[in-house]
Amino acid sequence: MKPKPNLLLVLLGLFASISLSFASISNQEGISDSDYPWTYACIDDTIDGPACQRQFIEGNLNETNKVPLKTCILTCGPYGTLWPYPTGTVSLGSTLSNFSSANLELGIVSVPENNADILHMTTIAFDILKDNIRVKIPEDYQEGSNDGRVVVNVAIENLETRIRLETNESYTLTTSSDESNPSTVQVTITAATFFGARHGLETLSQLIEFNTEIKLLQVVNNVEIVDSPKFRYRGILFDTARNFVPLKDLKRLIDGLSYNKMNVFHWHLSDSNSYPFYSKRVPQMAIYGTFGSKKIYYPEEVVEFLNYANQRGVKVIPELDAPAHAGNGWQFGEREGLGKLSLCVNAEPYWDYCIQPPCGQLNPINNNTYTVLGDLYKDLLEVFDNDVFHMGGDEISFACWLKSPEIQEYMSAHNVTELMDLWGIFQETALQKLRDATPNKSIIPIVWTSEMTDSAREYLSPDDYIIQIWGKSTDDIVAPIYNEGYRVIFSNNDTVYLDHGLGPWRGTRHTVTRKSWHVLYSQDLIGQIANVSGEAVANEMYESGRLLGGEACMWSEKVDSLNMDGKIWPRTSAYAERLWSNPPNGSTRFAYPRLIHQRETMILRGIFPDTLLPEACYHIWGFCDRFD
């Protein structure tokens, strides 16, 4: 009789056998990029224009000079990997020069009077460039050694250290091999201001990729670029009043703006939901108006954030929304003997008092309201630049005011028959408080389109105000704004509202659709004016600069630091090219392959954009497309 096997010994033997098998597998080198039988070639006539396609290598892989995808893209088409594409001369050489990251050097920096501030800002900008180049090298690759060098020389013409709406952001960039030392590529960036030079460094980063076959960085040689933005205002609104977002995450948003050469962050800092900015003069606003002690923006932290943004070419414009969208924070008035500073705060049912919950609208007949408002303006303008300020001014609820007995008594006693006149009194008083809050009396206020911009523009002089248009792009009620000399910013809710189409956050009604990148990319700002007021007005507004530009809007009812990236990018990248380059006829041709590459670049730099297509389509470009 055979002895019965010991079950424990059998299991131990089986485990040992499996362990040896896994050990054998783990000791194998695995598959590397060099094992793939593919190379990439630039195809000129894909449906999206020039793009790199994967091609099978016939024969011995070791005898073929394989071209990686990202290397191919560098010189494919008229713009290669550039995003947004330059508006002037663009000449990309067909050759690439090899170098290692250690040999990327800052050469001569020419600045009037050797200004220390500009020199320091340029050094920081170059360090940012180096960081953005290093992340192109995959973590599992050992960068090869090479004698190749890239030396970057920068010439800046003036001493402007804070970006403004009038800042000259133009630059020129050239790359060429040094005749005396062919292994050295000289890069020359010339700009009127540091901010143009910063854009030039961003463009240079897009002319460099890591070649995984030779394990070296490569830069496009013999490049000539002359570039400047078509529109001076290229922004995004982000709302931190409905959902608090920490400054570290807002810095990531600033990074994304800088990578796409956008220059304005419109910070919707207050709303009826909360007042999260700490006011030294009125600390009660934060006590009553924030979601918690850890959800407050303190002035010292904001100053550092503003410097961070300015270094990256982004102007931060704060918005203190008023008189509507002003509730939580303002409740302290009655407890401290100041009366009702805001009316209808958290009133229910909200639809009887305001557009959306929670309600709150400033009390225009309480003088203490203006005193507090003036103090808030002072606190903000001691921190933010005091040349431009957003005063809000949208979605006024006359129902809120009419439900107030003191408003009714005031109107009767002062023979005020129109609520629009009451609103006008508020607007004029608030503007004076804003001007009193800063020694720069020429501060430019921005307001949203509203009933006032429609029918009571006597309270909004075109010499004083910029009007931000948020209605539909087809509305004809904006014709007077175009015709009467106002400066305008476009933020049409049917084209560039990034929060639309994400589902309802209250009730079940859902009537808006998501705006794809194609929609944002295709917005013809000049044509939008021409459709309403004719080509002559449209051309005058563009040439004179009254058409400042555009701004995508991300309202934060369903957005916070965890999901903001994918809802903003890369759709806002598409809008960035619209605002910088103003592509002809709203066409998206030539954009898609470069936009996909721009998305990949942003991922390497720590941003998490939405996905636009299956990865296979990135490698076999043109096969996935169909236009009916």
Region 533-583, residues that are touching a residue at least 60 places away in the same chain (Cβ under 8 Å) and either aromatic (Phe, Trp, Tyr) or assigned to a strand (DSSP E or B) (or both): Leu547, Leu548, Gly549, Gly550, Glu551, Ala552, Cys553, Met554, Trp555, Trp569, Tyr575, Trp580
Residue count for region 468-492, restricted to those that are open to solvent by less than 10 Å² (accessible area, probe 1.4 Å) and over 25 Å from Arg514 (Cα atoms): 3
Yes/no for Ile47 being under 26 Å from Leu613 (Cβ atoms), open to solvent by 20 Å² or more (accessible area, probe 1.4 Å) and at pLDDT below 95: yes
Any hit, region 424-437, residues being exposed (fewer than 15 other Cβ atoms within 10 Å of the Cβ), without any contact (Cβ under 8 Å) to a residue 24 or more places away in the chain and more than 19 Å from Asp321 (Cβ to Cβ): no
Residue that is under 22 Å from Trp267 (Cα atoms), over 15 Å from the mean Cα position of the chain (by Cα) and crowded, with 21+ Cβ neighbours inside 10 Å, where the choices are Leu562, Leu547: Leu547
Enumeration of residues in region 382-398 that are touching a residue at least 60 places away in the same chain (Cβ under 8 Å) and over 28 Å from Tyr350 (Cβ atoms): Glu382, Val383, Phe384, Asp385, Asp387, Val388, Phe389
Residues within region 50-61 that are open to solvent by less than 70 Å² (accessible area, probe 1.4 Å) and more than 30 Å from Arg589 (Cα to Cα), tallied: 2
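Between Gly235, Gly196, which is small (Gly, Ala, Ser), under 25 Å from Lys295 (Cβ atoms) and open to solvent by less than 30 Å² (accessible area, probe 1.4 Å)?
On the way: Gly196 fails: under 25 Å from Lys295 (Cβ atoms).
Just one listed residue meets the conditions, Gly235.
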Some residue of region 446-454 being more than 20 Å from Cys354 (Cβ to Cβ) and at pLDDT 95 or above: yes
Checking Arg514 against (1) surrounded by 14 or more Cβ atoms within 10 Å (Cβ to Cβ); (2) out of contact with any Asp or Glu (no Cβ under 8 Å at 6 or more places or on another chain); (3) at pLDDT 95 or above, the condition it does not meet: (3)
Thr212, sole failed condition from (1) open to solvent by less than 10 Å² (accessible area, probe 1.4 Å); (2) closer than 29 Å to Arg149 by Cα; (3) β-branched (Val, Ile, Thr): (1)
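Is it the case that Tyr575 is surrounded by fewer than 23 Cβ atoms within 10 Å (Cβ to Cβ), closer than 19 Å to Met262 by Cα and modelled with pLDDT of 95 or more? Steps first, please.
Numbers: surrounded by fewer than 23 Cβ atoms within 10 Å (Cβ to Cβ): no; closer than 19 Å to Met262 by Cα: yes; modelled with pLDDT of 95 or more: yes.
Taking the combined requirement at face value, the residue does not satisfy it.
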Members of region 304-351 found to be closer than 21 Å to Asn260 by Cα and assigned to a loop (DSSP other than H, G, I, E, B), listed by number: Arg312, Gly313, Val314
Every residue from region 275-314 that is of a type in the set (Gly, Ala, Ser) and within 23 Å of the chain's Cα centre (by Cα): Ala309, Gly313
Matching residues in region 584-608 - criterion: being within 23 Å of Pro50 (Cβ to Cβ), in a loop (DSSP other than H, G, I, E, B) and either of a type outside the set (Ser, Thr, Tyr) or at pLDDT 95 or above (or both): Arg589, Phe590, Ala591
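The values are calculated or read from the model by the stated rules, or taken from the named source; none is laboratory data. Everything numeric here is computed off the predicted structure, so don't read it as measured data. All Cβ positions, glycine included, derive from the backbone under ideal geometry; neighbour counts span all protein chains shown. For the accessible areas, the whole protein counts, side chains as well, though only heavy atoms, and no ligand, DNA or RNA atoms are used. Shrake-Rupley method; radii C 1.70, N 1.55, O 1.52, S 1.80 Å.
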